[in-house]
1. For ILE138, ILE303, what's the largest-to-smallest order of accessible area, 1.4 Å probe?
2. What is the percent carbon and sulfur in the accessible area of the chain, measuring with a 1.4 Å probe over the protein chains and ignoring ligands?
3. Compute from the Cα atoms of the chain the Rg and the Dmax, the latter being the longest Cα-Cα distance, and quote both in angstrom.
4. With the cut-off at 26 Å, tell me which of the pairs LYS92/LYS291; LYS72/LYS449; LYS72/LYS103; LYS449/LYS477 have Cα atoms farther apart than that.
5. What translational diffusion coefficient, in µm²/s and rounded to a whole number, does the Stokes-Einstein relation yield for segment 292-397 at 20 °C and a viscosity of 1.002 mPa s, taking the hydrodynamic radius as the Kirkwood radius over Cα pairs?
6. Cut-off 15 Å, label point 7 angstrom out along Cα-to-Cβ of ARG505: give me the residues of segment 375-392 whose amide nitrogen falls inside.
7. Enter the Cα centre distance for the pair segment 59-102 and segment 249-276, rounded to the nearest angstrom.
8. Based on the mean of other Cβ atoms within 10 Å per residue, sort peptides 83-92, 105-114 so the most packed one is first.
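The values are calculated or read from the model by the stated rules, or taken from the named source; none is laboratory data. None of these values were measured; they are calculated from a predicted model. Backbone-built Cβ (ideal geometry, glycine too); neighbour counts: all protein chains shown. In case anyone asks, the SASA skips ligands and DNA or RNA and just uses the protein heavy atoms, side chains included. Shrake-Rupley method; radii C 1.70, N 1.55, O 1.52, S 1.80 Å.
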Amino acid sequence: MAAAMAWLRRGACGPARRCRSYSGGGAYPSVSLACPLPGVPKAVFAAAEGRERFETRVTVLENGLRVASQNKFGQFCTVGILVNSGSRHEAKYLSGISHFLEKLAFSSTAQFGSKDEILLTLEKHGGICDCQASRDTIMYAVSADARGLDTVVNLLADVTLQPRLSDEEIEMTRMAIKFELEDLNMRPDPEPLLTEMIHAAAFRDNTVGLNRFCPVENTDKIDRGVLHSYLSSYYTPDRMVLAGVGIEHEHLVECARKYLLGVEPVWGSGQGRAVDRSVAQYTGGIIKVEKDMSDVSLGPTPIPELTHIMIGLESCSFLEDDFIPFAVLNMMMGGGGSFSAGGPGKGMFTRLYLNVLNRHHWMYNATSYHHSYEDTGLLCIHASADPKQVREMVEIITREFILMAGAVGEVELERAKTQLKSMLMMNLESRPVIFEDVGRQVLATNTRKLPHELCALISQVKPADIKRVVTKMLHKKPAVAALGDLTDLPTYEHIQAALSSKDGRLPRLYRLFR
């Protein structure tokens, strides 16, 4: 003990030092941690058991079903089934089937008599469930205690392959969809409606341009027979991925073999119609909806009447190398609403803030969006302003598209890349986000790029890459969606001419009388 105290007083390896005192009067030494303490065992730190702990494991079952898992520490897991099915596959069917299937998910099945019974079963394991349908994927997901994995996979298999689709449930779904469509047309935020319109304009009457929401006229036409016909074609094992996060891969594969191998679906095993494998055909064009927006949000602080414009150009699929430069470009454009409290991560130094919202006080919104699919993509800018300033607003946006192909500053590029990597890593802290990332990547490519691989690709993007993808994009016809009072909206030909010019300006109008 005396030897140890002498060592401490010497400050580890140096000569003895003068000791300071505790408040109680006792002396305590000034200790250097440059050398290990004598007699103290060496610290052992926790470490991942090899590189495989970070990798996504994929197993393909005999029937073609892919089982993918990702390890993550914690008591809870997220497990789900993703199906390569969505509104883009409805060309041979009534539009709106995917919308119906989304609403009918987790209703009564062969084993569970009602939705309440399913929810009570999940509650025993602290679980919640959700279903989301997009243009190219339908996703059934459950988050629950990992000890209830067997029950969860059994439930997911039953929900996906054995739904009852009773007349009462279908009628309730019709009512829910009609209400949702009414709400869509009345809500102050027109972004979902504009997204539908810009896709319909860009890919007219094909694949991702088909309506994601069920048209009102089809709500009464879709019944159990129509749904079974669609399910028999698209809900096949080779078009599905069972993905899980926070569970052991071997246990998930075991459950998949138990509940998803050799199961006869409720619609039978007969062949349905041929699967639609159409490749997206970009057409460009314009869709206009004249609408009175003066009363969308009445009250003590009503939203002023606005006209909304979205202009888009074809980008690339998420399978192409140019996907990463387009993602960086979208982050560099950024934007948002005219009111923001600022702060880190709000994108206040993005181009649409600096060049548009900060300079033109009358613009209420300027936001960049990038939609990407397995065979195409769409980069678009949404802007909102008073109806009397629509023409000026459109010209500002077309000029921003042209400026994308100009000089890219090193500082703004590095900021965009850092922000994109930050957003990627922060989102992947969430278990449900990891689940969706694993499922979608395996569904599309049978493998998964890990976050550090994506970050490395983002870091490699150069100004020349941005200029190259933008130059290629600007050679395409634009897609335009317009909603509100469109009296002063420039013609489609004028918008196309502006995007083909050197400065992005609209052709001048000469009028004898104003």
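1. Result of the area sort, largest leading: ILE303, ILE138.
2. 55
3. Reported Rg and Dmax, both Å: 28.6, 104.
4. LYS92/LYS291; LYS72/LYS103; LYS449/LYS477
5. Using the Kirkwood radius from Cα pairs, D works out to 143 µm²/s.
6. Residues 392 qualify, since their backbone N sits under 15 Å from the label point.
7. 12
8. The most tightly packed comes first, giving 83-92, 105-114.
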